[in-house]
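A short write-up of the structure that comes next.
The values are calculated or read from the model by the stated rules, or taken from the named source; none is laboratory data. Nothing here was measured: the structure is a model prediction, and the numbers come from that model. All Cβ positions, even for glycine, are placed from backbone atoms using ideal geometry, and neighbour counts span all protein chains on display.
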Amino acid sequence: MIATIKDATLILHEFGKHLLFVQQCREVTPATLPGFDAVILDAGEEKECLDLLKNIRAANDPACYLKPVFVINWQHCQEKEMFAELSDGLLNSVSIAAYLPLLGRVEQLIEKWSDNHQLQPGMALPLLKAMRFAYSRHRNITPVPSRYSLTGYMLPVFDVNFAHGQFQEYERILQYAIQHNLLSRKFVDKLHLCSHCSSGYLNYRETCPSCHSHHLHAEHVIHHFMCANVGPESDYVHGDHLSCPKCSQSLGHLGTDYDRPSMVMTCQSCYNTFQEPEISAFCVSCKHVTPIEQLKEHIVYEYALTPAGVQTIWNEGRYNLLAGIMAS
Ligand SMILES: [Zn+2]
Ligand SMILES: [Zn+2]
Ligand SMILES: [Zn+2]
């Protein structure tokens, strides 16, 4: 293998292919890529590497977003699933020997699609790009759990085209693709999201049924067998031992003298006592509080190209179907 050093990158030649090996991802932009057959990114600096990979897939030029990209030095990374979805492989050594058929296939597709600009940037483009990417890799469009996503899941190759929080647009496009049979889908997970902003970053709280405060004190209820008294544990505590507030007898052994059949809660705002608190969700993103029965249910799916979807990406005449997304 011949290597030429050039700034933050190495240019490698293997099997007659020109490979760009990017050592410092922050120094490189996607515009550098089209002259190479494949790119290898060093994930030594994880965030910089992932940002570059996302920018590559977010580009609108097929020679860029379809580029075979591999990641090396990924073993320490937190976002391995994201790297796996957005790249063509996580490498253990600097060699693309195992990926030559993929390179050949993608090269042909880039050539086919490079001069078609029928589809202007707009809502249909992310869908077309994701469909082309899936087709070129024989892959499905697979969701990945991510703490950087509003909902808690991302569809990486689709998601890179959207700003954080463009959830409505995002869902509308996927719905359209399903309705027009361009994609099929398979259940992965069910989420409960903030009804106000669709965030999945929620803090679930037990609240007082009377005043809705979440400042509650929970304690056991004690049932004294001898006299049948039932009351909160705090009524039984005297110094370091338990004695019954009704009959004054000392409580010796759990199970023999008494048991703890349930919990009772006392609201620290209105001092209401109750056994069944209400549950609400505090949204960390927009700060709204929503009763859990009003949270938005959201199904996470994995998507696959249908035969009609494949026909659409091969037939420019069918792009007007995609353009319908912009009009709908
Ligand atoms: Zn209360
Ligand atoms: Zn008693
Ligand atoms: Zn919210």
Check: Just one of 316, 276, 302 is at pLDDT 95 or above and either more than 16 Å from ligand 3 (Cβ to nearest atom) or in contact with a His (Cβ under 9 Å, 6 or more places away or on another chain) (or both); which is it?
Finding: 302
Check: Can you tell me which of 297, 276 is assigned to a loop (DSSP other than H, G, I, E, B), surrounded by fewer than 15 Cβ atoms within 10 Å (Cβ to Cβ) and in contact (Cβ under 8 Å) with a residue 40 or more places away in the chain?
Finding: 276
Notebook entry, point to check: Given the structure, is residue 237 at pLDDT 90 or above, more than 29 Å from residue 290 (Cβ to Cβ) and in contact with a strand residue (DSSP E or B) (Cβ under 9 Å, 6 or more places away or on another chain)?
Noted result: yes
Margin query: Just checking, does the range 67-88 include any residue being at pLDDT below 90 and either over 27 Å from the mean Cα position of the chain (by Cα) or among the charged types (D, E, K, R) (or both)?
Written below: no
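Residues checked against (1) in the same structural domain as residue 53 (by TED's automatic domain parsing); (2) exposed (fewer than 13 other Cβ atoms within 10 Å of the Cβ); (3) part of a loop (DSSP other than H, G, I, E, B):
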{"residue": "125", "(1), (2), (3)": "no, no, no"}
{"residue": "151", "(1), (2), (3)": "no, no, yes"}
{"residue": "157", "(1), (2), (3)": "no, no, no"}
{"residue": "162", "(1), (2), (3)": "no, no, yes"}
{"residue": "170", "(1), (2), (3)": "no, no, no"}
{"residue": "178", "(1), (2), (3)": "no, no, no"}
{"residue": "187", "(1), (2), (3)": "no, yes, no"}
{"residue": "196", "(1), (2), (3)": "no, no, yes"}
Margin query: Out of everything in the range 255-270 that is modelled with pLDDT under 95 and not in a strand (DSSP E or B), what residue ends up being surrounded by the most Cβ atoms within 10 Å (Cβ to Cβ)?
Written below: 257
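One line per residue, one yes/no per condition, for (1) in contact (Cβ under 8 Å) with a residue 60 or more places away in the chain; (2) closer than 27 Å to residue 288 by Cα:
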residue	(1), (2)
177	yes, no
202	yes, yes
213	no, yes
216	yes, yes
Checklist line | Pick from the range 204-254, criterion buried (at least 16 other Cβ atoms within 10 Å of the Cβ) and closer than 18 Å to residue 270 by Cα, ranking: nearest to ligand 3 (Cβ to nearest atom) | finding: 205
Margin query: Exactly one of these conditions fails for residue 227: (1) closer than 30 Å to residue 255 by Cα; (2) touching a Ser or Thr at 6+ places or on another chain (Cβ under 8 Å); (3) away from ligand 1 (no atom under 16 Å from the Cβ). Give me its number.
Written below: (2)
Next item on the list: Answer yes if at least one residue in the range 224-245 is away from ligand 2 (no atom under 16 Å from the Cβ) and not in a loop (DSSP other than H, G, I, E, B), and no otherwise.
Entry: no
Check: Counting only residues that are polar (S, T, N, Q) and at negative phi, which one in the range 194-239 is nearest to the chain's Cα centre (by Cα)?
Finding: 199
